[in-house]
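Novice: Below: one structure in structure tokens.
Values quoted throughout were computed directly from the atomic coordinates according to the rules given, and no laboratory measurement underlies them. Remember, it's a predicted structure, so these values are computed and weren't measured experimentally. Counting neighbours? That spans all protein chains shown, and the Cβs are built from the backbone with ideal geometry, glycine included.
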């Protein structure tokens, strides 16, 4: 009897202990529920709602859902924060449940109440693993290890700026995870996990940005969005059809982008330096001629030996000559044309160097030429371009000297296209230029000079004039890639010529860009009726100031800039010259299939235009001004983009320009540029109101040379 009472006391004590445990667990679970709800509100929702901003609203750590690995173990199999198995016994001796392995989902944490309202009052220590999984399945309905799709989360690695592969992921466990699972005391069940949910299969460039892919945003908003954007990758298929994809197909896209970008930038720098000083140099030459003539007149006056009447008549004649000379000089200076002067300089640069092309009659003639090269290399050359151009004549000069060398024994080893005589002549030139003395170095320089000479003979003058160290580094290693260079020259020759004309025009304060449409291939594709209306720098209100006055009456906008459009095009936004790529944007004519609708039975034209950069472009680079006429009206004009405030539009139907011709993104298509509005007041010190608006075209992604610019609607 006493034994029965003792057993009953034990059962009641155990039951009380069980109830105490359940109360402790319930209290812990309720606290966990409150923390999870806070986590859901503060971390999960901002990441879902704002795909361009990966920072949570409260400044806490970002939860990257693309990096969460689904687990194959029982959700109740726990690990501590340091990776060690969790201790099942807390300090008070009571077993605890570590919820660190439970995913923060939109569902509440694990409840103790079952779906039918019953509570767990039995001895839970006797529950089997299958019973626990049944309870979890009853509560979660779906598998607790299946992440499913989290809409809005970018499938993009913010550290490497790369999208995850679209191929099926390997669902096998790694060695360390298998070892951990095998050592577990729990019975494991395998579940078919969703390792490739729909949200992670999205390509990074297909995710639309809120600000960058839409019109009507202020510059400050665009700059802030660019700073927080996690996806600025290049659009893969944005190349110009029939042109730039050729370079990608040849597995030389990186070399092409690096070499040609540096070449184009160097060419622009050289042309700008020459054009900028051409007027000053010519003016100085004319004034020196004037001074020489006036000094000669003064000397003639002192030598006069005649009577007073003759002296008076002669003095009047000399005075007239002096006035005519000064007037003639000023008239000539006023008529100087920067385009004509720059063209004359260009022709002088590419003229044939007679000192290198003359026939050698004696061996000393060759030594004399080498001495001249050594002197020129020791001092600053007249221009860098002239030196580069003369270098293309080194190889024929070496060949001439080689002909004067007698017969030499055939060297052993692999056959070479360079003769022993040519090697000897080239060796002397390498010594003079101090380019190194190794045997391998002689052969490399000889092959490189031969490549330059072949390029000049093929007519690739532009590439040779603007080549840089990047050009030399790559083709010094691969001097046999003449065909590759000729293919680049075929594409870039005319764009580089247009770039040169644009720079010369800008140095003459002409930012209209009319020189671009002087190319007949471009003009016939544009079908522009009024050439005089073309302007890349136009941002004006309508001549009828009614709309402008209505705008000022309804809005009090503080100007963000006091610089003119011409100043911004020359110096960049906020004076950031390094990110100013406006001069490198080209109108590129090509043959392709038009995406425009066909009217009637008339086929669409295959003569198309691409607005594209000639250099590599980075996110945040300034690409130019979207020109047009500002309107403030209730109805949208036929061809217009919306502004940052209601009823404000930029109508580009009357003022065609280069960036008006950009390709417009189709519905659902990503863009690589955005249109940012900036309030301007050019009155010095006045910022209280907005004189006019300008629309800046700013890159939002990495763009390779000849990639099409794609703007939002």
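Novice: May I ask you to compute the full-extension gain from residue 669 to residue 438, defined as 0.36 nm times their residue separation minus their alpha-carbon distance, rounded to one decimal in nm?
Specialist: The residue 669-residue 438 span can extend by a further 77.6 nm.
Novice: Just want the ordering: 224, 549, 532, 345, from fewest to most Cβ atoms lying within 10 Å of their own Cβ.
Specialist: 532, 549, 224, 345
Novice: If each of residue 9 and residue 387 carries a label point 7 Å out from its Cα toward its Cβ, how far apart are those two points in nm?
Specialist: Result for the modelled spin labels: 10.6 nm.
Novice: Modelling each spin label as a point 7 Å along the Cα-to-Cβ direction, I'd like the residue 228/residue 458 distance in nm, to one decimal.
Specialist: Each label point lies 7 Å from its Cα, and together they span 5.0 nm.
Novice: If each residue's Cβ is checked for other Cβ atoms within 10 Å, how do 230, 238, 253, 635 rank with the fewest at the top?
Specialist: Ascending number of Cβ neighbours within 10 Å: 635, 253, 230, 238.
Novice: Here is a further query. Could you give the length gained on full extension between residue 273 and residue 473, defined as 0.36 nm per residue of separation minus the Cα-Cα distance, in nm?
Specialist: Length gained, residue 273 through residue 473: 69.5 nm.
Novice: Another question about this same structure. List the pair-distance distribution P(r) of the stretch 354-457, using every Cα-Cα distance, as the percent of pairs falling in each 5 Å bin from 0 up to the bin containing the longest distance, rounded to whole percents.
Specialist: 2, 11, 22, 25, 22, 11, 4, 2, 0
Novice: Take the Cβ-Cβ distance between residue 518 and residue 298 as r, set R0 to 35 Å, and report the resulting FRET efficiency rounded to the nearest 0.05.
Specialist: Efficiency, from the Cβ-Cβ distance: 0.15.
Novice: Based on other C-beta atoms within 10 Å, arrange 500, 530 from fewest to most.
Specialist: Least crowded to most crowded, the residues run 530, 500.
Novice: Continuing with this model, one more query. Could you calculate the FRET efficiency of residue 531 with residue 407 from 1/(1 + (r/R0)^6), where r is the beta carbon distance between them and R0 is 45 Å, rounded to 0.05?
Specialist: 0.10
Novice: Hey, with R₀ at 45 Å, roughly what FRET efficiency would residue 661 and residue 359 work out to, going by the Cβ-Cβ distance, to 0.05?
Specialist: FRET efficiency, residue 661 to residue 359: 0.25.
Novice: Output needed: percent of Cα pairs per 5 Å distance bin for the stretch 478-623, bins running from 0 to the one holding the longest distance.
Specialist: Histogram of Cα-Cα distances, whole percents per bin: 2, 7, 12, 15, 16, 14, 13, 10, 6, 3, 1, 1, 1, 0.
Novice: Now, a different point. Just subtract the alpha-carbon distance of residue 24 and residue 375 from 0.36 nm times their residue separation and send over the number in nm, one decimal.
Specialist: Additional length available on full extension: 117.1 nm.
Novice: Shifting gears a bit: Quick check on the stretch 406-554: what does the Kirkwood estimate of hydrodynamic radius come out to from the alpha carbon pairs, in Å?
Specialist: When all Cα pairs of the stretch 406-554 are included, the Kirkwood radius is 20.4 Å.
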